[in-house]
Amino acid sequence: MMKAAVSTIKIVILITLIVTSVYQTSRLWFDDQSDPNLFYRVFSSSALENLEAMRDAGNLITPKQLGVYLGQPNLEYTVVKKGVTYYESLRNESIKILTMGLNKDYYIGTVENLELLWGNQHTSMHLDFPLEKATFATNLGISINALNSIESVETIIIMPAFRNEIWLNIFLEDHVTGFYHHYQVPKTEVTISNDSLAYQLSSVIAIGNKTSFISTLKNNIPYYSKHILLPLPSEDNRYHDPIFMRIPYVSSGVININDLNGYVSLYFDNPDIMKAIPLEDEVRYVDGNVVVRYNTEGLLEYNRIVKENTGPTSLTLALTVANQFIEQDIQRMPTEYFLKTYVQEGQRTVFYYDVGFNDYPFVLTEEVREKYGMSHAMEVTVSGDKVIRYRRIIRQIDEMNPQNKTLQAKYEDVLDKVIVEVGTLDVEIEEMYLGYSWHMDLMEMSLNWVVQYDGNPHFYPVE
């Protein structure tokens with residue numbers, strides 16, 4: 001009798017395995033055939049959301065570069081760029097301190113004496129875009145009440161406790177009011193992360209050949225609306241200029257379909273069923289769910305037909321989906337990319353990215369934005385856990401001059417030009433940084449000071 005029961009159990013298990021195998025095989029062959037996000041077939045949306053929340057809390061707080069305040073006479077700030085040694089450890093320890101420090105009531109109030117900000121070495125994370133109060137709290141997994149009267153966070157300063165100090169300090173800049181909100185946390189609450197961050201800061205100080213930056217806030221430089229780090233002339237700040245570009249898969253205004261097929265086929269799980277349709281100035285690829293278009297101007301557009309969720313997707317999950325999609329694409333067509341902003345439209349979230357080279361972004365001029373109908377070189381639209389639209393202006397670096405130029409231009413000279421151009425001293429500069437200007441008909445890019453005012457980027461040569 002026992003043997004019969006065991007045999008029955010084995011049969012049930014075998015049947016279950018066979019049914020599961022047939023189901024999974026059918027999903028792979030017939031369900032969402034053109035979905036390049038294979039990872040998301042394994043998890044449900046809720047399970048994946050929980051997984052990502054645990055794995056990367058604070059993933060919206062990943063600025064392109066992280067400021068390190070050294071407080072030395074000739075080296076006020078330096079920056080650690082994303083992907084460079086120490087960036088991840090500085091950023092991760094800062095996030096841990098931020099999360100643990102804000103989870104308890106250590107709020108002091110707004111800072112009236114800004115000299116407090118320069119009392120010790122610290123990390124300064126200027127976010128690529130302000131985060132509203134609720135989004136900031138959700139992304140860190142903290143209570144919204146911890147943010148008190150803060151409306152939108154733009155800059156985060158973490159000042160660890162050194163040596164015999166018993167308090168570490170957190171400062172959050174409110175994008176709306178410009179006030180800095182102060183939290184003072186006992187070192188004993190975050191001892192490991194505090195000591196790790198202090199050690200990492202000391203390691204950055206010990207590194208030679210650091211590029212020097214100056215703070216507009218610390219030095220009370222007029223015309224700037226926020227805490228901006230400006231690079232100073234330095235032999236260590238080297239760059240390529242010019243950079244020569246080309247449109248891939250296009251020669252003499254004609255698309256090479258055979259070469260393009262290999263790139264585009266990677267957007268389809270089953271390339272055998274995709275169909276190429278040559279049209280005037282573009283080639284269109286289709287199957288049952290996906291349409292991919294590529295034109296002679298180098299504009300790629302991917303659209304996926306999907307039954308959209310009725311509810312919104314969390315920003316953390318949506319960003320994870322978008323970034324994983326881009327990572328797949330840049331394995332085929334490499335580029336650097338930097339998240340600049342996002343818009344939530346019902347159940348959809350649209351992320352806007354700059355692309356670039358050697359940590360300098362390619363910034364679209366107004367004529368390029370109008371021509372392509374894009375504010376940035378890359379757009380990703382996410383619904384649920386799927387990318388349903390992807391647009392990218394594609395360029396490849398053809399050749400470049402050696403990295404033999406050093407930054408000599410002074411920000412003061414650029415300010416003078418801005419004032420002359422505007423015709424008044426009443427100007428508020430929102431952003432100022434170095435980037436390559438992307439002009440419509442030129443396949444050559446040169447490094448410029450990019451100055452954002454009146455809601456638009458303006459370009460000033462570095463030489």
Quiz item: Roughly how many nanometres apart are two label points built 7 Å out from the Cα toward the Cβ at Leu114 and Gln344?
Solution: 3.1 nm
Quiz item: Given region 61-232, what count of lysine pairs have C-alpha atoms under 23 Å apart, with each pair 8 or more places apart or on different chains?
Solution: 22
Self-check item: Estimated FRET transfer efficiency when R0 is 22 angstrom, pair Thr85-Ile221 (beta carbons, to 0.05)
Solution: 0.15
Quiz prompt | Three principal axis lengths of region 96-170 [C-alpha, angstrom, descending] | solution = 35, 23, 22
Self-check item: Burial ranking of peptide ranges 444-454, 244-254 (average Cβ count within 10 Å, highest at the top)
Solution: 444-454, 244-254
Self-check item: Sorted peptide list for 156-162, 268-274, 90-96, criterion being average Cβ within 10 angstrom, highest first
Solution: 156-162, 90-96, 268-274
Quiz item: So if we plug the beta-carbon distance of Gln184 and Ile277 into 1/(1 + (r/R0)^6) with R0 = 60 Å, what FRET efficiency do we get, rounded to 0.05?
Solution: 0.40
Quiz item: What ranking of Met432, Met374 emerges when the number of other C-beta atoms within 10 Å of each C-beta is taken as an exposure proxy, fewest first?
Solution: Met374, Met432
Practice problem: Net charge near Glu428: determine it from the other residues with C-beta under 10 Å of the C-beta of Glu428, scoring Lys and Arg +1 and Asp and Glu -1. | Solution: -2
Quiz item: Summing Lys, Arg as +1 and Asp, Glu as -1, what charge do residues with Cβ under 15 Å from the Cβ of Ile157 carry, Ile157 excluded?
Solution: -3
Practice problem: Run through all the Cα pairs of region 148-263 and give the fraction in each 10 Å bin from 0, expressed as whole percent. | Solution: 10, 22, 26, 16, 14, 10, 2
Exercise. Classify region 329-463 as rounded, prolate or oblate, taking a ≥ b ≥ c as the square roots of the eigenvalues of its Cα gyration tensor: rounded when a/c is under 1.5, otherwise prolate if a/b is larger than b/c and oblate if not.
Key: oblate
Quiz item: Based on the mean of other beta carbon atoms within 10 Å per residue, what is the order of 98-111, 119-132, most packed first?
Solution: 119-132, 98-111
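Values in this text are rule-based calculations from the coordinates and carry no lab data. What you see is a predicted model; the values in this text were computed from it and never measured. Quick reminder, even Gly has a Cβ in these numbers, built from the backbone with ideal geometry, and neighbours come from all protein chains shown.
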